[in-house]
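Notes follow the structure.
The values are calculated or read from the model by the stated rules, or taken from the named source; none is laboratory data. No experiment lies behind these values; they were computed from the predicted model shown. Methodologically, a virtual Cβ is constructed for each residue, glycine included, from the backbone with ideal geometry; neighbour enumeration extends over all protein chains shown. The accessibility values were calculated without ligands, DNA or RNA, using every heavy atom of the protein model including side chains. Shrake-Rupley method; radii C 1.70, N 1.55, O 1.52, S 1.80 Å.
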Amino acid sequence: MVEWTDFERATIADIFSKIQYEVVGPAALARCLVVYPWTQRYFGNFGNLYNAAAISGNPMVAKHGTTILHGLDRAVKNMDDIKATYAELSVLHSEKLHVDPDNFKLLSDCLTIVVAAQLGKAFSGEVQAAFQKFLAVVVSALGRQYH
Amino acid sequence: MLSAREKELIAEIWDRLTPVAEDIGAEALLRMFATEPGSKTYFSHLDISPSSAHLRSHGKKIVLAIAEGAKDISQLAVTLGPLQTLHAYQLRIDPTNFKFFSHCMLVTLAAHMRNDFTPVAHAAMDKYLSAFAAVLAEKFR
């Protein structure tokens, strides 16, 4: 069971209430595909991922980025049992999508940086620590059902 | 692998940040201390509270070294020679901490540069900081 302090709970709720999902989601996924180009291996049917501009403008990337962020919502609403919340998604990513779980960390780092750019000064070290802890729990849950 | 354009971009960014080296360096360190408490063990002899003189001067040193390296990335091994020796034989910092610090530096850049910290700039900077850390650790064994 993950222990969350009041500060951490409040911080996570606050961040997710402030960010625009249709901006942050697409930006995070696009950034991941640019910064870690090997992650493009999972998106062969997404069309033009030829360069950073193409990736950032790709509508399928945008749509999927938004989907991912809405998926994170479920963890925000169930912080006390993130493992169970993502059990099915973990199976999906393992059995059907065959995604190397190391990639989850890459995306979560990109998400941290996008949120930092959005919130600027407000994204203090303490806020960053809470956000990274939350994402680490999510990443762990998503990798949990791999075997 | 850094393209010519990426090297230019990296040099530009660090050139622009040199005047605020103290702020950037201190912030990156503070972020690392907040997110990776183990990293604080290397600073038990210093005062690393926010806005402490030690923290700011230390942050400045680190940023200036990174900025200096950025001026001619192909010469990193030469530029970092003395720092390689310092880190290998005296400081003996576990190299995973270089990764943590690099990540926190990227977050600091994002918080400061906001939308100017584009995916392309991020990719270039991540590659540079990884190369920097690798060269820094070269004499470790």
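A few points about this structure:
- Among the listed pairs A:K18/B:K71; A:K77/A:K105; A:K63/A:K133; A:K63/B:K71; A:K18/B:K99, those beyond 31 Å (Cα-Cα): A:K18/B:K71; A:K63/B:K71
- GNM result for chain A, Cα springs below 10 Å: residue of A:S124, A:S108, A:S90 fluctuating most strongly: A:S124
- Extending 7 Å from the Cα toward the beta-carbon at both B:H45 and A:F7 defines two label points whose distance is 2.9 nm.
- Occluded residues from region A:81-113, i.e. those whose accessible area drops by 50 Å² or more once the chain is not alone (1.4 Å probe): A:I113
- Relative contact order, percent, chain A [alpha-carbon distance under 8 Å, six or more residues apart]: 33
- Simple label model, 7 Å out from Cα along Cβ direction - A:A84 to B:D94, nm: 3.4
- Largest first, the extents of the alpha carbon coordinates of region B:20-141 on the three principal axes equal 40, 36, 22 Å.
- Å² of accessible area per residue within chain B, as computed with a 1.4 Å probe and no ligands counted: 51
- Expected 222 nm ellipticity per residue - DSSP helices of 4 or more, -39500 (n - 2.57), all of chain A, to 500: -21000 deg cm²/dmol
- Relative to the current alpha-carbon distance between B:E68 and B:N115, full extension at 0.36 nm per residue lengthens the span by 14.4 nm.
- Hypothetical label at A:A136: residues of region A:100-123 whose amide nitrogen lies under 15 Å (7 Å Cα-Cβ projection): A:105-106, A:108-109, A:112
- Other protein chain C-beta atoms within 10 Å of residue C-beta, averaged over B:114-120: 6.
- Accessible area per residue, Å², chain A with all protein chains present, probe 1.4 Å: 51
- Residues in region B:63-107 that a label on B:D15 would reach, taking backbone N under 19 Å of a point 7 Å out along Cα→Cβ: B:63-76
- For region A:130-145, 3J(HN,Hα) computed residue by residue from phi via the Karplus equation (6.51, -1.76, 1.60; θ = phi - 60°) reads 5, 5, 5, 5, 4, 5, 5, 5, 4, 4, 5, 5, 5, x, 5, 8 Hz, glycine and proline entered as x.
- A dipole drawn for region B:4-140 from +1 and -1 charges on Cβ atoms has a positive end, and of B:S44, B:F98, B:I62 the residue lying farthest that way is B:S44.
- Accessible area buried at the A-B interface, both sides summed, 1.4 Å probe (Å², nearest 100): 1600
- Inter-site label distance for A:T67 and A:N51 at 7 Å from Cα along Cβ, in nm: 2.8
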